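Step one of this worksheet: look at the structure below.
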Amino acid sequence: MLFRLGAFVLLTLVAVTHGTKKYCEIVDPAKTFHSYGAVSLHTGEPVTFDQYIGWTLLVIPVATYDDLNHQYLEFNQLQTEFLSQNFTILAYPTTEFWKKEPGSNDEILNGLREVRPGGGYVPNFEIFEKVNVNGATQTDAWAYIKGNCHSPVDELGDSKYLFWEPFNNRDVRWTFLERIIIGADGLPYIRYNDPSDPYTPGGLRDDIEQYLRDGYIDL
């Protein structure tokens with residue numbers, strides 16, 4: 001087993017109150033994120049992830065009506081700032097968290113543009129069609145990520161707001177809180193549970209800069 005540091009976590013049902021991060025543990029280095037794919041929300045066409053070989057990826061679950069939806073604006077900033085360094089963002093809408101993504105695939109981009117964050121917002125990174133990131137019908141790419149990355153927090157959240165079964169200690173905790181950085185080799189590197197805006201000093205933006213420059217991120 002290739003270790004990127006981590007530890008086993010227990011499943012409980014209480015509120016997440018703070019952000020943290022944890023290195024991933026790679027089960028099989030021969031299996032990478034590049035073997036998966038998704039369907040683009042922008043074009044309706046399949047996207048194969050082998051096109052991202054050599055790119056650093058930020059993978060995030062999102063929802064139009066999440067209270068952290070304003071972070072879409074800073075994700076656009078991240079994409080613009082680091083695109084020239086072979087960095088890009090991949091976003092997965094999901095409605096498993098308090099039904100915060102109620103619209104159809106055809107409605108999501110319009111909702112972002114007109115409602116939240118609104119003001120004509122257009123994402124400048126890839127957003128995929130709506131999927132499940134947890135439970136029996138989770139998409140394969142997220143099953144792969146979670147299989148290599150323990151959650152950095154013990155707490156899952158209040159079960160009355162969580163719409164999937166069965167629960168698992170590696171489940172995604174909430175949209176926008178979860179952020180996964182995947183290296184140019186296609187191996188998951190670090191998993192976050194962090195509500196802070198990406199450009200918070202010492203936060204996600206600074207971690208990405210460090211990773212692209214030095215090849216590692218401090219915990």
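The values are calculated or read from the model by the stated rules, or taken from the named source; none is laboratory data. As the structure is a computational prediction, the values presented were derived from the model and not from experiment. A quick note on method: Cβ atoms are made from the backbone with ideal geometry, for glycine too, and the neighbour counts reach across all protein chains shown.
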Next on the checklist: Kindly evaluate ILE182 against the criterion of being in contact with a Ser or Thr (Cβ under 9 Å, 6 or more places away or on another chain) and on the phi < 0 side of the Ramachandran plot.
Outcome noted: yes
Checklist entry - Just a yes or no: is a residue in region 69-81 of a type in the set (Ser, Thr, Tyr), out of contact with any strand residue (DSSP E or B) (no Cβ under 9 Å at 6 or more places or on another chain) and either at pLDDT below 95 or assigned to a loop (DSSP other than H, G, I, E, B) (or both)? => result no
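Sort out which residues of region 76-103 are among the hydroxyl-bearing types (Ser, Thr, Tyr) and free of Cβ contacts under 8 Å to residues at least 24 places away in the same chain, and write them in order of number. Show your work before the answer.
Initial filter on region 76-103 (among the hydroxyl-bearing types (Ser, Thr, Tyr)): 80, 84, 88, 92, 94-95.
Hit for region 76-103 is SER84, nothing else.
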Checklist entry - When you go through (1) surrounded by fewer than 22 Cβ atoms within 10 Å (Cβ to Cβ); (2) at pLDDT below 95 one by one for LEU156, which number turns out not to apply? => result (1)
Item to check | Cβ pairs under 8 Å, 6+ apart, first in region 107-127 and under 21 Å from VAL47 (Cα atoms), second part of a loop (DSSP other than H, G, I, E, B) and among the polar types (S, T, N, Q) | outcome: ILE108/THR64
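Can you confirm whether PHE49 is aromatic (Phe, Trp, Tyr) and under 14 Å from the mean Cα position of the chain (by Cα)? Break it down stepwise before answering.
Numbers: aromatic (Phe, Trp, Tyr): yes; under 14 Å from the mean Cα position of the chain (by Cα): no.
In short, no.
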Checklist entry - Only one of (1) more than 16 Å from the chain's Cα centre (by Cα); (2) closer than 30 Å to ALA184 by Cβ; (3) aromatic (Phe, Trp, Tyr) is not met by TYR65, so which one is it? => result (2)
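For region 160-175, indicate whether the set of residues that are aliphatic (A, V, I, L, M), within 20 Å of VAL62 (Cα to Cα), in a loop (DSSP other than H, G, I, E, B) and modelled with pLDDT under 95 is non-empty. Explain how you work it out, then say what you get.
Pass one, region 160-175, residues aliphatic (A, V, I, L, M): 162, 172.
Restricting the remaining residues to those that are within 20 Å of VAL62 (Cα to Cα) gives 162, 172.
Among the residues that remain, those that are also in a loop (DSSP other than H, G, I, E, B) are: 172.
Imposing the further condition that a residue be modelled with pLDDT under 95 reduces the set to none.
Scanning region 160-175 turns up no residue that is aliphatic (A, V, I, L, M), within 20 Å of VAL62 (Cα to Cα), in a loop (DSSP other than H, G, I, E, B) and modelled with pLDDT under 95.
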Checklist entry - If we scan region 116-125, do we find a residue that is surrounded by 14 or more Cβ atoms within 10 Å (Cβ to Cβ) and modelled with pLDDT under 95? => result yes
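Kindly establish whether GLY54 is in contact (Cβ under 8 Å) with a residue 60 or more places away in the chain and loosely packed, with under 15 Cβ neighbours inside 10 Å. I'd like the intermediate steps shown before the answer.
On the way: in contact (Cβ under 8 Å) with a residue 60 or more places away in the chain: yes; loosely packed, with under 15 Cβ neighbours inside 10 Å: yes.
So GLY54 fits the description; yes.
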Checklist entry - Across region 188-212, which residue is farthest from TYR23 (Cα to Cα) among those that are of a type in the set (A, V, I, L, M) and within 13 Å of the chain's Cα centre (by Cα)? => result LEU204
